[in-house]
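Heads up, the thing below is written out as structure tokens.
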Amino acid sequence: MKNDEIIEDISILIAEDETQLREYLEEYLKIFFKKVYVAKCGHEGYLQYVEKKPDIIISDINMPNLNGLEMVKRIRQRDEDTEIIIISAHSEEQKLLQAIELKLVTYLIKPINSLKLKELLFGLVEKLRSSKKRIYLSNNIFWDKTSYTLWNSEKQISLKEKEIMLFRLLCSKSNHAFTAEAIFYHIYKDSDKEFSEYAVTSFIKRLRAKLPENLIQNEYGIGYKIVLN
């Protein structure tokens, strides 16, 4: 992942009651992430979590209305997948011992080291992108293996039934080129149609019109493939 790329497919929620730190984190993270949400207290943070479903949460421990640990406990009752980082002061290390069971990524001691935070978040981005549920075809385009859907960031790319069948085939083997004949009989396996290379090339052409350029590549003399990141 390039440092100058704006990350569009991974979202972050900042829950921090200190105005100066909250505004600094928001401004800093927006250099790298397109979707950065903020909350001024634990209660607001939980509501933002429910509404926005962020991939990563950065939360202070001590906040009004609902402290960070209680907010995280509520979140963990709903899911164990959201990556959570806790911010604390040195004097709160005893409270951090209570957070072990909450399956946190780590905790950061104030003042926050920007480079350490950046390195940590970029590592989480790579982890999320390599999760079993998603196969990333480019920086922002991914194939969801659980729902058999193709996405460009938050926007779903509409695919017809046979187009979905093709993507399932292409994503079944990383960087493997499938012959036109293999594609034809995979798509039309319940049909009595005879093999037609022209039918496959026409099908690929129509599908490519829906997709970013060069997503489906033609390996000369072999067949078609998707080169995975």
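The values are calculated or read from the model by the stated rules, or taken from the named source; none is laboratory data. Just so it is clear, the model here is predicted, and its values are computed rather than measured. Don't worry about glycine lacking a Cβ; one is built from the backbone with ideal geometry, like all the others, and counts go over all protein chains shown. Protein only, heavy atoms only, side chains kept; ligands, DNA and RNA dropped before computing areas. Shrake-Rupley method; radii C 1.70, N 1.55, O 1.52, S 1.80 Å.
Descriptive notes on the structure:
- Matching residues in the stretch 47-73 - criterion: being buried (at least 22 other Cβ atoms within 10 Å of the Cβ), closer than 21 Å to Lys30 by Cβ and either modelled with pLDDT under 90 or hydroxyl-bearing (Ser, Thr, Tyr) (or both): Tyr49, Ser59
- Test set (1) open to solvent by 80 Å² or more (accessible area, probe 1.4 Å); (2) at pLDDT below 90; (3) of a type outside the set (Gly, Ala, Ser); (4) closer than 17 Å to Tyr224 by Cβ - Tyr198 fails condition number: (2)
- Of all residues in the stretch 14-31, those satisfying the criterion of being of a type outside the set (S, T, N, Q) and either under 14 Å from the mean Cα position of the chain (by Cα) or open to solvent by 60 Å² or more (accessible area, probe 1.4 Å) (or both) are Glu18, Glu23, Tyr24, Glu27, Lys30, Ile31.
- Flag set for Arg76, criterion: basic (Lys, Arg) and either more than 22 Å from Glu119 (Cβ to Cβ) or modelled with pLDDT under 90 (or both).
- Phe142 being in contact with a Lys or Arg (Cβ under 6 Å, 6 or more places away or on another chain) and in contact (Cβ under 8 Å) with a residue 60 or more places away in the chain: yes
- Residues within the stretch 174-202 that are farther than 19 Å from Gly221 by Cβ, of a type outside the set (A, V, I, L, M) and touching a helix residue (DSSP H, G or I) at 6+ places or on another chain (Cβ under 7 Å), tallied: 1
- Here is the figure for the stretch 45-72: residues that are under 23 Å from the mean Cα position of the chain (by Cα) and part of a helix (DSSP H, G or I) total 10.
- Extreme residue, least open to solvent (accessible area, probe 1.4 Å), among residues of the stretch 106-157 that are in a strand (DSSP E or B) and closer than 29 Å to Asp60 by Cβ: Leu108
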